[in-house]
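Q: I am attaching a structure below and will ask some questions about it afterwards.
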Amino acid sequence: MSDELFVVEDLTVTTSTGRGPVDVVKNVSFTVGRDETLGIVGESGSGKSMTALAVLGLLPRGARTSGSVRLDGTELLGRSDRELRPIRGNAISMVFQDPLSSLNPYYTVGLQIEEMYRTHRGGSRKAARQVVIEALEQVRIPDAGRRIDQYPHQFSGGMRQRVMIAMALCCSPSLLIADEPTTALDVTVQAQILELLAELQSTTGTGMIFITHDLAVISSIAQRVLVMRSGDPVEYGTAEQVFSDPQHDYTRMLLDAVPRIDDEVAS
Amino acid sequence: MTRYVLARLGGVVVILLAVCLFTYLIFFKLSPDPAVMICGKTCTPERIDSIRSVLGLNQPILTQFGEFLRGIVAGRDYGAVHCPAPCLGYSFQTNESVWSMLTSRLPVSITVAVGAAVLWLLAGVIGGLVSAVKQGTWWDRTAMALALGGVSVPNYVLALVLQYVLVVKLQVLPFPSAPAFGDDPVLWFESYLMPWVVLAVGYACLYARLTRSNVIDTLSENYYRTARAKGLGGALIMRRHALRPALTPIATIFGMDFAGLLGGALITETVFGLNGIGKLAADSIAKNDQPVIMAVTLLAAFFVVIGNVVVDLVYTALDPRVRVVSA
Amino acid sequence: MTLLQVQGVVKEFSTPGALGRKSTFTAVDDVSFDVELGETLAVVGESGSGKSTTARIAARLLEPTRGTVIFDGVDVTRARGKELARFRNDVQVVFQDPFSSLNPRYTVERIITAPLSYQGIKPAEGYRAAAQELMERVGLNPDHCQRYPAQFSGGQAQRIGIARALAVNPKLVICDEAVSALDVSIQAQVLELLMRLQAESGFSYIFIAHDLAVVRQICHRVAVMNQGRIVELGTREQVFGDPQDDYTRTLLAAVPRINPEWDAKRRQRKVTL
Ligand SMILES: Nc1ncnc2c1ncn2[C@@H]1O[C@H](COP(=O)(O)OP(=O)(O)OP(=O)(O)O)[C@@H](O)[C@H]1O
Ligand SMILES: Nc1ncnc2c1ncn2[C@@H]1O[C@H](COP(=O)(O)OP(=O)(O)OP(=O)(O)O)[C@@H](O)[C@H]1O
Ligand SMILES: [Mg+2]
Ligand SMILES: [Mg+2]
């Protein structure tokens, strides 16, 4: 299995709260191949975001990790900030869950993408600006040339989300971790963005971890699915297995609870 | 935006007028009769009366106040003496024009304030930043303990101790004399060094604590995490994603502190014998020299009120969320 | 009875352009709608079409460029002081980005009970118990009431916002993507809570969402927005059953569905079990 792009083995995350340590992620293991998408679904508060943050060494103060996280065979867990810097945003990039608070209110959206691009790729500001405009156009931000100089609070919720996606894509990472990247998008824009991601995957071979509550989206883009509940990985398998023959009660319950647009509403 | 600025300046004028009136009433009504004070020891009732009429003291208080205001704007006459605008009257003690007393001493106070501000900003911000980044280490704890102590050391104690040690005992610095910069830059610097340090210490401690807590808050912001996730590091991430958000609120506090200092550092200037506005204030209060007290008070109020407006305008420039006003 | 009337609301944002020239951008363009007492009006539509802006205007968090907002028969567009305070008590908002709307320096207990103390209401059982009860209702662990927002997950933070909005028995709750970060089972629980409160206390909701299945579940009427305008407004049955506008049709057609083959297999298995 050494040719897998990304491997997580027995990842455990322990946070310290006022009342002693709590394991918020317990023995999670999964792999993501090149050009492959892993969907992570699960209860709210089950440790999905914590798993993602642990990969990049971005956990909150006082959190500890154990296990193994490898990208192309290189261990990432326990590396120092300095060692991780060239990887972050470059080899592995991340779309955060809460876009408004995840963007710096004091700088324009353009600058916040540009600084990342130039950190990894160098080049002049002018050249970077062109790249940023293209990245914004790619995620369907209308009038990108003007929008690039606006501040995050001047964007709509869904546009901010798309800014996060554009940012994550602009250095062509080998692994993209997207934490609920489409919750604020209407279904048509969502479809466009998913298409964009799929296209990118097929051309650059990017592996993707897609965290979402939208099981319909997962079923359409993921090859493998991990279901989590209060820190535990309750089910892990191919998308077809999980959706057509769920083994765990929680997964069944989740699938039953999905509101369906086609069903007659009982009123 | 222009409309906003104009409206604010209108507000400033109203506030300054109110401060004027209030100060005027207090000093000219509640304190001893100025005519008696000017008249001195060899005084006759006739002289007092003539002084009264020259100063306009026999008129109703609001008329007097109107005259005072007119004097500032257009100048006024005291008997045969013409006091050109801006006229703040004459010192009861020395008969000097109050306006020229202010203007001759203002440069000293400004020098003291600017030098101290540079010192305390540098020390406070750098100290606070390093403490925040090294949160919980011995350096953080030592620095913060010092800062806590530093705030509570009274200015005059520090001034006297410094003066005793550096000037009297070690003789490494001259006694402050406020020479002009052009005459002797070295002496100028040596003279002002102690006042700067004395004034800066308290503020620096305060700013270090403020900076530290603001930076620590910022380091736990989601956008700082994003910046780390982007692979940023070193000076860039500190400057853009930690310091800029942390310092913006401090900039406004700084504006007010600095404006307050421009009105004179009473204790420091007095202890070091620097002829600034602060010492002028102390002297005039000691001798009950009312026109001077009045002028010094107005000047301080002026700086604070203007400082307030400048701070607001600067804040709108610094925070994009406030800056972009909708149509 | 009509609780809220939004009439001809326009919102222009000006952005300073080159050489001091200002360009204006119309985010909301002549939008009008009513919300009846005890009704849920859903607002759906394109990302960036002005839904949040409209919601903020209806909640008087933003001044409209033109148009009026009438609440309970009173024009509140320019309300101030006491009148505004009363309006603020009656109208609560759940914001789209949960973390940005929670003060990071306050404990959850303080955040949730803030509307209570703001109105000077002292719950008989005390603030702690009131906060814990609300937390429990939205599926949060009440033992966590002394934690700070940063110690919660995205979906948990969203529920803190919901609990805060429900603390004071408002007449109108504006939910801007209020359940988007919740897993389907907790989402169902929260929706149930909202509907029960509506049945018991007659709350009205403006419910902004992208998940059309959820919208279909809880709303009475739907407004569809596109590029700052309402392009279609009708009852749930009309809009979902017989959409008139092209944009509405595109929207409905794009709703993602679980792979029908897999879904059918699973149901099959369930039945045979
Ligand atoms: N800074 C922190 N300190 C302590 N506990 C935390 C902290 N941040 C999150 N947690 C806890 O860790 C658990 C997992 O959080 P995480 O953000 O990974 O959930 P999630 O699966 O992403 O949920 P959601 O779908 O709601 O975003 C939650 O129960 C949360 O309360
Ligand atoms: N303060 C502001 N300054 C300038 N433009 C703004 C401001 N707030 C919003 N806009 C613009 O107004 C438009 C509508 O934004 P709004 O947030 O209402 O959209 P939305 O329908 O809520 O979208 P989403 O579903 O993505 O959240 C967007 O184009 C946005 O960029
Ligand atoms: Mg999460
Ligand atoms: Mg919105």
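Q: Is it the case that some residue within the stretch C:12-20 is surrounded by 14 or more Cβ atoms within 10 Å (Cβ to Cβ), part of a strand (DSSP E or B), more than 16 Å from ligand 4 (Cβ to nearest atom) and in contact (Cβ under 8 Å) with a residue 12 or more places away in the chain?
A: Looking through the stretch C:12-20, at least one residue is surrounded by 14 or more Cβ atoms within 10 Å (Cβ to Cβ), part of a strand (DSSP E or B), more than 16 Å from ligand 4 (Cβ to nearest atom) and in contact (Cβ under 8 Å) with a residue 12 or more places away in the chain.
Conditions tested, residue by residue: (1) touching a strand residue (DSSP E or B) at 6+ places or on another chain (Cβ under 7 Å); (2) of a type in the set (A, V, I, L, M); (3) closer than 24 Å to B:Val197 by Cβ.
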position	(1), (2), (3)
B:Leu266	no, yes, yes
B:Asn288	no, no, no
B:Ile293	no, yes, no
B:Val314	no, yes, no
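Q: If you check A:Ala191, A:Ala198, which single one turns out to be more than 8 Å from chain C (Cβ to nearest Cβ) and free of Cβ contacts under 8 Å to residues at least 40 places away in the same chain?
A: Just a single option satisfies the conditions, and that option is A:Ala198.
Q: Sticking with this one: Take the residues in the stretch C:225-234 that are in contact with a strand residue (DSSP E or B) (Cβ under 7 Å, 6 or more places away or on another chain) and within 10 Å of another protein chain (Cβ to nearest Cβ), then tell me which one is surrounded by the fewest Cβ atoms within 10 Å (Cβ to Cβ).
A: Ranking the qualifying residues of the stretch C:225-234, first place goes to C:Asn226.
Q: Scan the stretch C:235-273 for residues that are assigned to a loop (DSSP other than H, G, I, E, B) and facing chain A (nearest Cβ under 8 Å) and jot them down.
A: Within the stretch C:235-273, C:Ala254, C:Val255, C:Pro256, C:Arg257, C:Ile258, C:Asn259 qualify.
Q: Okay, moving on. Name every residue in the stretch A:1-13 that is modelled with pLDDT of 95 or more and more than 14 Å from chain C (Cβ to nearest Cβ), in order of residue number.
A: Answer for the stretch A:1-13, where residues must be modelled with pLDDT of 95 or more and more than 14 Å from chain C (Cβ to nearest Cβ): A:Phe6, A:Val7, A:Val8, A:Glu9, A:Asp10, A:Leu11, A:Thr12.
Q: Shifting gears a bit: Identify the residue in the stretch C:48-73 that is open to solvent by 50 Å² or more (accessible area, probe 1.4 Å) and either more than 14 Å from chain A (Cβ to nearest Cβ) or over 22 Å from C:Leu166 (Cα atoms) (or both) and, among all such residues, is nearest to ligand 4 (Cβ to nearest atom).
A: Checked the stretch C:48-73; the qualifying residue nearest to ligand 4 (Cβ to nearest atom) is C:Glu63.
Results for (1) touching a residue at least 60 places away in the same chain (Cβ under 8 Å); (2) under 27 Å from B:Leu232 (Cβ atoms); (3) within 11 Å of another protein chain (Cβ to nearest Cβ), shown as yes or no for each residue.
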position	(1), (2), (3)
A:Arg19	no, no, yes
A:Ser29	yes, no, no
A:Gly33	yes, no, no
A:Gly45	yes, no, yes
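Q: Another one. Go through (1) more than 8 Å from every other protein chain (Cβ to nearest Cβ); (2) surrounded by fewer than 23 Cβ atoms within 10 Å (Cβ to Cβ); (3) within 16 Å of ligand 4 (Cβ to nearest atom) and name the single condition A:Pro152 misses.
A: If we test A:Pro152 against (1) more than 8 Å from every other protein chain (Cβ to nearest Cβ); (2) surrounded by fewer than 23 Cβ atoms within 10 Å (Cβ to Cβ); (3) within 16 Å of ligand 4 (Cβ to nearest atom), just (2) comes out false.
Q: May I pose another question? Which residues, taken from the stretch A:109-147, are in contact with a helix residue (DSSP H, G or I) (Cβ under 8 Å, 6 or more places away or on another chain) and within 14 Å of chain C (Cβ to nearest Cβ)?
A: Once the filter is applied, which keeps residues that are in contact with a helix residue (DSSP H, G or I) (Cβ under 8 Å, 6 or more places away or on another chain) and within 14 Å of chain C (Cβ to nearest Cβ), the stretch A:109-147 yields A:Val109, A:Gly110, A:Leu136, A:Val139, A:Arg140, A:Ile141, A:Ala144, A:Gly145, A:Arg147.
Q: Against the definition (over 30 Å from C:Leu62 (Cβ atoms), part of a helix (DSSP H, G or I) and among the hydrophobic types (A, V, I, L, M, F, W, C)), how does A:Leu226 come out, yes or no?
A: no
Q: Right, here's the next one. Can you find even one residue in the stretch C:46-68 that is touching a helix residue (DSSP H, G or I) at 6+ places or on another chain (Cβ under 6 Å), small (Gly, Ala, Ser) and not in a helix (DSSP H, G or I)?
A: yes
Q: Now, a different point. Just to check your reading of the model, which residue among B:Leu57, B:Leu17 is loosely packed, with under 15 Cβ neighbours inside 10 Å and in contact with a helix residue (DSSP H, G or I) (Cβ under 9 Å, 6 or more places away or on another chain)?
A: Result of the check over B:Leu57, B:Leu17: B:Leu17.
Q: For the stretch C:91-113: of the residues being in a helix (DSSP H, G or I) and buried (at least 17 other Cβ atoms within 10 Å of the Cβ), which is farthest from ligand 1 (Cβ to nearest atom)?
A: C:Thr113
Q: Any residue at all in the stretch C:153-162 that's in contact (Cβ under 8 Å) with a residue 60 or more places away in the chain, more than 16 Å from ligand 3 (Cβ to nearest atom), under 28 Å from A:Arg19 (Cα atoms) and under 21 Å from the mean Cα position of the chain (by Cα)?
A: The answer is yes; a qualifying residue exists.
Q: Of the conditions (1) in contact with a helix residue (DSSP H, G or I) (Cβ under 6 Å, 6 or more places away or on another chain); (2) on the phi > 0 side of the Ramachandran plot, A:Ser230 fails just one. Which one is it?
A: (1)
Q: May I pose another question? Select from the stretch C:185-227 the residues that are over 19 Å from C:Lys171 (Cβ atoms), in contact (Cβ under 8 Å) with a residue 40 or more places away in the chain and not in a strand (DSSP E or B) and list them in ascending order.
A: If the condition is that a residue be over 19 Å from C:Lys171 (Cβ atoms), in contact (Cβ under 8 Å) with a residue 40 or more places away in the chain and not in a strand (DSSP E or B), then C:Ile186, C:Gln189, C:Val190, C:Ala209, C:His210, C:Leu212, C:Ala213, C:Val215, C:Gln227 are the ones that fit.
Q: In the stretch C:149-184, how many are at the interface with another protein chain (Cβ under 10 Å from one of its Cβ atoms) and either outside any loop (DSSP other than H, G, I, E, B) or within 16 Å of ligand 2 (Cβ to nearest atom) (or both)?
A: So the answer is 15.
Q: Given the criteria within 22 Å of the chain's Cα centre (by Cα), assigned to a helix (DSSP H, G or I) and more than 16 Å from ligand 2 (Cβ to nearest atom), does A:Glu137 qualify?
A: Taking the combined requirement at face value, the residue does not satisfy it.
Q: May I ask you to list the residues in the stretch B:158-187 that are in a helix (DSSP H, G or I), touching a helix residue (DSSP H, G or I) at 6+ places or on another chain (Cβ under 7 Å) and closer than 19 Å to B:Ile110 by Cβ?
A: Once the filter is applied, which keeps residues that are in a helix (DSSP H, G or I), touching a helix residue (DSSP H, G or I) at 6+ places or on another chain (Cβ under 7 Å) and closer than 19 Å to B:Ile110 by Cβ, the stretch B:158-187 yields nothing.
Q: Look through B:Arg47, B:Arg70 and report the one residue that is touching a strand residue (DSSP E or B) at 6+ places or on another chain (Cβ under 8 Å), free of Cβ contacts under 8 Å to residues at least 40 places away in the same chain and open to solvent by 70 Å² or more (accessible area, probe 1.4 Å).
A: Exactly one of B:Arg47, B:Arg70 is touching a strand residue (DSSP E or B) at 6+ places or on another chain (Cβ under 8 Å), free of Cβ contacts under 8 Å to residues at least 40 places away in the same chain and open to solvent by 70 Å² or more (accessible area, probe 1.4 Å), namely B:Arg70.
Q: If you don't mind, there's one more thing I want to ask. Residues to consider are B:Val309, B:Val304; find the one that is out of contact with any Asp or Glu (no Cβ under 6 Å at 6 or more places or on another chain), part of a helix (DSSP H, G or I) and more than 23 Å from B:Trp196 (Cα to Cα).
A: Going through B:Val309, B:Val304 in turn, the sole match is B:Val309.
Q: If we scan the stretch B:217-225, do we find a residue that is over 26 Å from C:Gly154 (Cα atoms), more than 7 Å from chain A (Cβ to nearest Cβ) and modelled with pLDDT under 95?
A: no
Q: While we're on this one: Determine whether the stretch A:88-100 contains at least one residue that is hydroxyl-bearing (Ser, Thr, Tyr) and free of Cβ contacts under 8 Å to residues at least 24 places away in the same chain.
A: no
Q: Which of the residues belonging to the stretch A:54-85 are free of Cβ contacts under 8 Å to residues at least 12 places away in the same chain and either within 16 Å of ligand 4 (Cβ to nearest atom) or within 12 Å of chain C (Cβ to nearest Cβ) (or both)?
A: Passing the criteria: only A:Arg61.
The values are calculated or read from the model by the stated rules, or taken from the named source; none is laboratory data. In this text, all values refer to a predicted model and were calculated from it rather than measured experimentally. Positions of Cβ are generated from backbone atoms using ideal geometry, with glycine treated the same way; all protein chains shown enter the neighbour counts. Surface accessibility is based on the protein's heavy atoms, side chains included, excluding ligands, DNA and RNA. Shrake-Rupley method; radii C 1.70, N 1.55, O 1.52, S 1.80 Å.
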